[in-house]
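Undergrad: Take a look at this one; I'll ask things after.
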Amino acid sequence: MNRELPKDFLWGGAIAAHQAEGAWNIDGRGPSIADVMTAGGNGIPRKITKGVVEGEYYPNHEAIDFYHRYKEDIQLFKELGLKCLRTSISWSRIFPTGQEETPNEQGLKFYDDLFDECLKNGIEPVVTLSHFEIPYAIYEDFGGFANKAVIPLFVKFAQCVFDRYKDKVTYWMTFNEINNQADGQEPVHVWTNSAMIIEDDQDKEALVFQAGVNELIASAWAVNEGKKINPDFQIGCMMAYVPIYPYSCAPEDMIASVKANERRFFYSDVHVRGEIPTYTEKYWEQKGLTIEISEKERQILRQGTVDYIGFSYYMSGTITTLPDVEGRQTEDIPSAKLVKNPYITASDWGWPIDPVGLRYVLNTVYQRYDLPLFIVENGFGAYDQLTDSNEIHDDYRINYLREHIEQMKKAVVEDGVPLIGYTPWGIIDIVSFGSGEMEKRYGMIYVDKDNTGNGTLQRLKKDSFAWYQQVIETNGEQL
Ligand code: BG6
């Protein structure tokens, strides 16, 4: 039995444009939905402001200034041995309001230079089209993705960048973590997935489903157009897989788990199978939700199924119908609630740490879809301490990554799951999406900047840098 990862396994690192680039209003770029999100904190939600308000601090405006420093950062990525870099294209750098007839050449040129620099250094760009950075004007002018007028705007953007980078990029993904909005409970997810703010008197569930369906149509349409531009493109979806375990073996807990997972699987079920699942049609019927989807759009869904499944994995969740179990209430599943899993620990931000869950996800998702998988995010957000000699001893991060890679290897070599690659999240410290903090750090490269925006932006190698270098060098043999 082959006990090794494939020779062409894509070891890499992941970032997203809005969390790294900065240069939010430079070279013709329009504001995106990330540019009106203030800094929150650990346990403090970010505010979404009406436009950019003077006196507020917006951490994404400068981020880590990757826009001006990418050459220096790519040298570090090369030294690390990365074979690929996952990033996204900022939509509003290309179409500042999403509605222009012609793209912004300076924006296109930036990604030409960035991808060329990667390729020159032996690093393959892996690109997400929409990673929480929809042009702000799409919210202002259309109210976000629940409006069908936004679908062709996304497709125009996709066609434009597919065409421009057809010889530089092979692996694409359409919508980052499209299923974050699944239960519609966190305003930040509805905002970042769909550029929507839902008022109390609106039907939240219907709007979130409508936006999701419209994004799935836009994604399928884009896949179709992409294949016309370059039939060798590999175009995937991007899901946040947070498996929801049953807390007990009570049959009701099993059903609660199935139902909770369905809510999240809905998105990849459509991406992969090109059909709205029966369980969703039934749900819409029972809840009396009217979701608009024409026959022509159903046809588009069938014609634009994805080639692979990109996904993030950070944690698992646990659900129960039993009374008196510690946890937070959720409206997600009637009469069931998400609770603490007594067998696993959590990070300083309360994110459950469950490496075996990664093997579980790899197996269950492959069994469900029979398509290649790509782990495009996994990592440990933690507080790092700089020593007097500017070192960062992040053994906690190494442990987290090691334990996850061990489980990933088991899934590949023992269980036979086809896996394209592994790109740990925030390979270099960037702005946290959820909290807006800089000090929730994921990187193997430290960036000198704090939560209030102070710092020199100097880059430093953490202990995890040398560790990951050796992991890549040995193709995952030495962990
Ligand atoms: C995923 C996103 O949700 O998790 C990233 O795709 C994000 O954009 C990452 O940064 C980690 O989340 P956070 O909130 O810790 O930055």
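Undergrad: Within the stretch 128-135, is there a residue that is part of a helix (DSSP H, G or I), more than 16 Å from the ligand (Cβ to nearest atom) and touching a residue at least 40 places away in the same chain (Cβ under 8 Å)? Give the steps one after another, and end with the answer.
TA: Taking the stretch 128-135 first, the residues part of a helix (DSSP H, G or I) are none.
Taking every residue of the stretch 128-135 in turn, none turns out to be part of a helix (DSSP H, G or I), more than 16 Å from the ligand (Cβ to nearest atom) and touching a residue at least 40 places away in the same chain (Cβ under 8 Å).
Undergrad: While we're on this one: If you take the residues of the stretch 44-64 that are touching a residue at least 40 places away in the same chain (Cβ under 8 Å) and over 20 Å from the mean Cα position of the chain (by Cα), which of them is farthest from Asn25 (Cα to Cα)?
TA: Going residue by residue through the stretch 44-64, those that are touching a residue at least 40 places away in the same chain (Cβ under 8 Å) are 44-46, 48, 51, 57, 59-60, 62-64.
Imposing the further condition that a residue be over 20 Å from the mean Cα position of the chain (by Cα) reduces the set to 44, 51, 57, 62.
Details: Ile44: 27, Gly51: 13, Tyr57: 15, Glu62: 10 Å.
Ranking the qualifying residues of the stretch 44-64, first place goes to Ile44.
Undergrad: Please find, within the stretch 172-189, the residue that is surrounded by the most Cβ atoms within 10 Å (Cβ to Cβ) out of those that are over 16 Å from Ile375 (Cα atoms) and away from the ligand (no atom under 14 Å from the Cβ).
TA: The extreme case among them is Gly184.
Undergrad: Could you tell me how many of the residues in the stretch 219-234 are in contact (Cβ under 8 Å) with a residue 24 or more places away in the chain and not in a loop (DSSP other than H, G, I, E, B)?
TA: Looking only at the stretch 219-234, we keep the residues that are in contact (Cβ under 8 Å) with a residue 24 or more places away in the chain, and these are 219-226, 229-230, 232-234.
Of the ones still in play, those that are also not in a loop (DSSP other than H, G, I, E, B) are 219-226, 229, 234.
So the count comes out to 10.
Undergrad: If you don't mind, another one. Of all residues in the stretch 283-316, which are within 16 Å of the ligand (Cβ to nearest atom) and either at pLDDT below 95 or polar (S, T, N, Q) (or both)?
TA: Ser312, Ser316, listed by residue number.
Undergrad: One residue is enough: does the stretch 36-43 have a residue meeting the conditions in contact with a helix residue (DSSP H, G or I) (Cβ under 9 Å, 6 or more places away or on another chain), closer than 29 Å to Gln159 by Cβ and buried (at least 16 other Cβ atoms within 10 Å of the Cβ)?
TA: yes
Undergrad: Based on what the data block shows, is Pro372 surrounded by fewer than 18 Cβ atoms within 10 Å (Cβ to Cβ) and in contact with a strand residue (DSSP E or B) (Cβ under 6 Å, 6 or more places away or on another chain)?
TA: yes
Undergrad: If you check Glu56, Glu62, which single one turns out to be buried (at least 16 other Cβ atoms within 10 Å of the Cβ), acidic (Asp, Glu) and in contact with a Lys or Arg (Cβ under 9 Å, 6 or more places away or on another chain)?
TA: Among Glu56, Glu62, only Glu62 is buried (at least 16 other Cβ atoms within 10 Å of the Cβ), acidic (Asp, Glu) and in contact with a Lys or Arg (Cβ under 9 Å, 6 or more places away or on another chain).
Undergrad: Another question about this same structure. Restricting to the stretch 344-360, name every residue that is more than 20 Å from the chain's Cα centre (by Cα) and either part of a helix (DSSP H, G or I) or under 21 Å from Asp8 (Cα atoms) (or both). Before the answer, list the steps.
TA: Taking the stretch 344-360 as the starting set, the residues that turn out to be more than 20 Å from the chain's Cα centre (by Cα) are 344-346, 348, 356.
Within the stretch 344-360, just Val356 meets the criteria.
Undergrad: Somewhere in the stretch 262-277, is a residue polar (S, T, N, Q), modelled with pLDDT of 95 or more and not in a helix (DSSP H, G or I)?
TA: No: the stretch 262-277 contains no residue that is polar (S, T, N, Q), modelled with pLDDT of 95 or more and not in a helix (DSSP H, G or I).
Undergrad: Also, I was wondering about something else. Going by the structure shown, is Thr290 crowded, with 17+ Cβ neighbours inside 10 Å, of a type in the set (Val, Ile, Thr) and in contact (Cβ under 8 Å) with a residue 24 or more places away in the chain?
TA: Against the criterion (crowded, with 17+ Cβ neighbours inside 10 Å, of a type in the set (Val, Ile, Thr) and in contact (Cβ under 8 Å) with a residue 24 or more places away in the chain), Thr290 does not qualify.
Undergrad: Yes or no: Thr102 among the polar types (S, T, N, Q), buried (at least 16 other Cβ atoms within 10 Å of the Cβ) and either away from the ligand (no atom under 16 Å from the Cβ) or not in a helix (DSSP H, G or I) (or both)? It would help to see each step written out before you state the result.
TA: Details: among the polar types (S, T, N, Q): yes; buried (at least 16 other Cβ atoms within 10 Å of the Cβ): no; either away from the ligand (no atom under 16 Å from the Cβ) or not in a helix (DSSP H, G or I) (or both): yes.
It is false that Thr102 is among the polar types (S, T, N, Q), buried (at least 16 other Cβ atoms within 10 Å of the Cβ) and either away from the ligand (no atom under 16 Å from the Cβ) or not in a helix (DSSP H, G or I) (or both).
Undergrad: In addition: For the stretch 125-150, give me each residue that is farther than 25 Å from Asn25 by Cα and of a type outside the set (S, T, N, Q).
TA: Scanning the stretch 125-150 gives Ala146, Lys148, Ala149.
Undergrad: Does the stretch 317-324 include one or more residues that are outside any helix (DSSP H, G or I), within 16 Å of the ligand (Cβ to nearest atom) and either more than 20 Å from Ser194 (Cα to Cα) or in contact with an Asp or Glu (Cβ under 6 Å, 6 or more places away or on another chain) (or both)?
TA: Checked against the condition, which is being outside any helix (DSSP H, G or I), within 16 Å of the ligand (Cβ to nearest atom) and either more than 20 Å from Ser194 (Cα to Cα) or in contact with an Asp or Glu (Cβ under 6 Å, 6 or more places away or on another chain) (or both), the stretch 317-324 yields at least one hit.
Undergrad: Turning to a different aspect of this structure: Would you be able to tell me the number of residues in the stretch 5-45 that are out of contact with any Phe, Trp or Tyr (no Cβ under 9 Å at 6 or more places or on another chain), closer than 26 Å to Tyr383 by Cα and part of a loop (DSSP other than H, G, I, E, B)?
TA: The total comes to 2.
Undergrad: If a residue must be charged (D, E, K, R) and more than 22 Å from Asn42 (Cβ to Cβ), how many such residues does the stretch 437-467 contain?
TA: Count: 3.
Undergrad: Could you tell me whether any residue of the stretch 447-454 is more than 20 Å from Thr387 (Cβ to Cβ), of a type in the set (Ser, Thr, Tyr) and surrounded by fewer than 13 Cβ atoms within 10 Å (Cβ to Cβ)?
TA: yes
Undergrad: Scan Glu72, Glu79 and give me the residue that is touching a helix residue (DSSP H, G or I) at 6+ places or on another chain (Cβ under 9 Å) and more than 30 Å from Ala149 (Cβ to Cβ).
TA: Answer to the selection: Glu79.
Undergrad: Which strands (runs of 3 or more DSSP E) sit wholly inside the stretch 361-479 and have at least 1 residues that are under 21 Å from the mean Cα position of the chain (by Cα) and within 16 Å of the ligand (Cβ to nearest atom)?
TA: In the stretch 361-479, 373-377, 419-422, 445-447 are the strands (runs of 3 or more DSSP E) which contain 1 or more residues that are under 21 Å from the mean Cα position of the chain (by Cα) and within 16 Å of the ligand (Cβ to nearest atom).
Undergrad: Sticking with this structure for a sec: Which condition number in (1) over 28 Å from Trp11 (Cα atoms); (2) part of a helix (DSSP H, G or I) is the one that Leu76 fails?
TA: The one condition Leu76 does not meet is (1).
The values are calculated or read from the model by the stated rules, or taken from the named source; none is laboratory data. The structure presented is a predicted model; accordingly, all values stated were derived computationally and were not measured. Neighbour counts run over all protein chains shown; Cβ positions are idealised from the backbone, glycine included.
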